[in-house]
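Trainee: Just passing along the structure, written as structure tokens.
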Amino acid sequence: MTPRRAAVAALLAMVLPGCAVDGIGLARAEVVRADGAVVVRAETLGAALRTDPAEAGLAIGVTRTLTVLPDRDGAPAPGRYPFGLALRGIAPAARIRQVIGLDLGFGGRMAGFTLGYSEDAVFAAVPAGASIIRRLELVPDEPGLTFLRSCEEASRCE
Amino acid sequence: MRVKAPRCAGAALGALLLAACEPTQLYTGARTVIGINAAVNLEQTSGSLVIGYDRSFAAVVPRSVEAPGQDGRDAMSALVCSDLQVQGITIRHYSESLATGQAATDFADQLRNQDRAGQARVALRDFFRCLREAPATAGSGS
């Protein structure tokens, strides 16, 4: 085997064990119900492709994502999902993504890469004209302890 | 090689990069990098390079929003309390209370409302962790 073919084989061996697109594929996910929220923990070994325009990118290595979703109609049911879970179209309340390896990002307002370890967290992304009141308590290591309350008027937050 | 970047500089840079255009979202986020990170905004007017360790926490608030029923724009109303706890390089706990827009204005008004019972005002203060922990002052209604 030539060195070039060996390098390609090594790259494929690194990528093919896990390949996921938007959380679906050779990935695994777990959904935990919390207080007012549903917490999704997902893990991919290999390549993880993100196609959402706001966070498009490709991660090669180990990708761990923790997503907090409001507990309402359309939220995924608690349980384990051996082939991942699609969350596209569901607006998260918060998200934490850890990547060990290479992470290429070309979404939102910025493009770039990270080689090594990165942890990106988005806790709030509220449209400028929105009128909301929200309280979030997030415990990544204990997702069942997460707390989320969201209301449009102060009188409904009590 | 290990390069330490001041947290305030990292947060300011992150906010600056995010605000290269007029922000259309109230945004709070955090980023931790160990290794090599390079990024540039899509207009290619600014970028960053980190080699080593960097952690930043950023809160970006739009300068102005459309004011319904008014000509022009108005400053965005926002009330935010946040607390981030980390251990080593990972996030261990995050708490946040936020109110935006008309809800934020109404929330502040209700806190000052002298006609409401004390219990109701305590419930509103409890919803905002930082207000619950802050001592009550004259005129706050508590």
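Trainee: Taking residue A:104 as the residue in question, decide whether it is more than 7 Å from chain B (Cβ to nearest Cβ) and in contact with a Leu (Cβ under 8 Å, 6 or more places away or on another chain). Before you say what the answer is, go through the steps one by one.
Mentor: Numbers: more than 7 Å from chain B (Cβ to nearest Cβ): yes; in contact with a Leu (Cβ under 8 Å, 6 or more places away or on another chain): yes.
Yes; evaluated as a whole, the condition is true for this residue.
Trainee: Looking at region A:89-148, what strands (runs of 3 or more DSSP E) fall wholly within it and have at least 3 residues that are touching a helix residue (DSSP H, G or I) at 6+ places or on another chain (Cβ under 9 Å) and buried (at least 20 other Cβ atoms within 10 Å of the Cβ)?
Mentor: A:133-138
Trainee: Continuing with this model, one more query. Taking residue B:84 as the residue in question, decide whether it is in contact with a Phe, Trp or Tyr (Cβ under 6 Å, 6 or more places away or on another chain) and modelled with pLDDT of 70 or more. If you could, list the steps in order and put the result at the bottom.
Mentor: Working: in contact with a Phe, Trp or Tyr (Cβ under 6 Å, 6 or more places away or on another chain): yes; modelled with pLDDT of 70 or more: yes.
So residue B:84 fits the description; yes.
Trainee: Residue A:54 - would you say it is part of a loop (DSSP other than H, G, I, E, B), at pLDDT below 85, of a type in the set (A, V, I, L, M, F, W, C) and over 22 Å from residue A:147 (Cα atoms)?
Mentor: yes
Trainee: For region B:40-62, which positions are surrounded by fewer than 19 Cβ atoms within 10 Å (Cβ to Cβ) and at the interface with another protein chain (Cβ under 7 Å from one of its Cβ atoms)?
Mentor: B:40, B:42
Trainee: The conditions are (1) closer than 21 Å to residue B:80 by Cα; (2) more than 8 Å from chain B (Cβ to nearest Cβ); (3) touching a Leu at 6+ places or on another chain (Cβ under 6 Å), and residue A:75 fails exactly one of them. Which is it?
Mentor: The one condition residue A:75 does not meet is (1).
The values are calculated or read from the model by the stated rules, or taken from the named source; none is laboratory data. Predicted model only: the values in this text are computed from it and were never measured. All Cβ positions, even for glycine, are placed from backbone atoms using ideal geometry, and neighbour counts span all protein chains on display.
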